[in-house]
Amino acid sequence: MTFRQRVIACFKGLATGDAIGKQTETLSRADVQKYYPTAIKGFFGKPGEIIPRYAGKRYEWRFGETTDDTEQTIAVARALLQEGEAKHEVIGKELLNCKKSVHPEVSIWEFQKLGDPGRVAYQGNGCGAAMRTAPIGVIYPPGRLDELVQAAYEGAVPTHGGQLAIGAAAAVACAVSAALDGLPTAEILTVVLSASRKAEKFRLARGASSIAACIETIYSDLVGKKLEVDEIARKWFPCTPETIVPLAISLALLTQSAEETALLAANIGGDSDSVASIGSAIAGALRPETVNDEWYQVVTSTNHHDLVALATSLADLKPRV
């Protein structure tokens, strides 16, 4: 696979995982089984139709529709195309235009209320920074780890300034970057842990956990096992910063499949769209042939973004050295 093909697959994996995972976001494992008794195996309805459990809600999400995960990824990619490097003010300017899932419970709400593209957050430990950081992994190779970690910080701080959030953003950007280079999974894991530890320098820890430690714990528990949805949901249900990104990275490296990662995440529940989009982006970069192109056709018919063109422009922006 060429580098360009890997980047395109990364973006396709991210968007398809986002849309597949959205079907079960916020559901418990038991509720996933109640709503989808035969399990999520793809889209559970016609493209563009409202997902039944969202009917009458604040936002009526549709089958095949991508969420703020994809929208904010596009914003970061556009900022990188403008500058050729990650600058938080430029990323912030693009994030001010994002519309999906902007409500008082999320960090981007406060950012948009302030209206300052140059704002630097010092709090916020959700996965919102990590879910949009894949484009940074396209620009910065793992061999330039300090620059990559700095770029992940720049992408995070308009909305997320906590150590867990910055560490998670660095981990995802590095995982994508290393996967795009086609590194073996053991090497990807090593460099991801190094990146997340380097990111800790930006903020003092507020607790005992670190993203690096959480990735090590979850990956070590799952490696060598058959990945069973019930067991993963029981032990590592993705509903906190300590589980969402570490689980996404672990599933991507263990399955090496964008499709399988998305389905596992969707059937687990919790923050399933973020786990599926982050994990499928990494797995798509690593193994482009595992992206489900039928799902991607649903995504393109339901949304109005041209991710292939965007990914191609980003891949061609500058050589990786």
Considering each residue of segment 108-164, count those that are of a type outside the set (Asp, Glu) and not in a helix (DSSP H, G or I), and give that number. 23
Pairs please, first residue from segment 11-29 and farther than 30 Å from Ser313 by Cβ, second anywhere and crowded, with 24+ Cβ neighbours inside 10 Å and of a type outside the set (A, V, I, L, M, F, W, C), Cβ atoms under 7 Å, 6+ apart in sequence or on different chains. Thr24/Gly269; Thr24/Ser272; Leu27/Gly269; Ser28/Gly269; Arg29/Gly269
May I ask you to list the residues in segment 1-32 that are surrounded by fewer than 17 Cβ atoms within 10 Å (Cβ to Cβ) and out of contact with any Asp or Glu (no Cβ under 9 Å at 6 or more places or on another chain)? Thr2, Gln5, Ser28, Ala30, Asp31
Sort through Thr217, Thr261, Thr240 and tell me the only one that's out of contact with any Cys (no Cβ under 8 Å at 6 or more places or on another chain), under 29 Å from Tyr35 (Cα atoms), part of a helix (DSSP H, G or I) and among the polar types (S, T, N, Q). Thr261
Just name the residue that is nearest to Thr133 (Cα to Cα) out of those in segment 59-86 that are in a loop (DSSP other than H, G, I, E, B), out of contact with any helix residue (DSSP H, G or I) (no Cβ under 6 Å at 6 or more places or on another chain) and touching a residue at least 60 places away in the same chain (Cβ under 8 Å). Glu85
Which pairs do you get when a residue that is over 13 Å from Gly128 (Cα atoms) and of a type in the set (Val, Ile, Thr), found in segment 144-172, comes within reach of a residue that is modelled with pLDDT of 95 or more and in a helix (DSSP H, G or I), reach meaning Cβ atoms under 6 angstrom, with the pair 6+ apart or on two chains? Val149/Ala170; Val149/Ala195; Val149/Lys198; Val149/Ala199
Would you confirm whether any residue within segment 182-203 is assigned to a helix (DSSP H, G or I), crowded, with 17+ Cβ neighbours inside 10 Å, in contact (Cβ under 8 Å) with a residue 40 or more places away in the chain and touching a Lys or Arg at 6+ places or on another chain (Cβ under 6 Å)? no
Filtered residues of segment 265-297 (kept if crowded, with 24+ Cβ neighbours inside 10 Å and not in a helix (DSSP H, G or I)): Gly269, Gly270, Asp271, Val291
If a residue has to be among the β-branched types (Val, Ile, Thr), surrounded by 13 or more Cβ atoms within 10 Å (Cβ to Cβ) and part of a loop (DSSP other than H, G, I, E, B) to count, how many in segment 37-58 make the cut? 2
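The values are calculated or read from the model by the stated rules, or taken from the named source; none is laboratory data. Just so you know, these numbers come straight off a predicted model, no measurement behind them. Here Cβ is always computed from backbone atoms with ideal geometry, including for glycine, and neighbour counts include all displayed protein chains.
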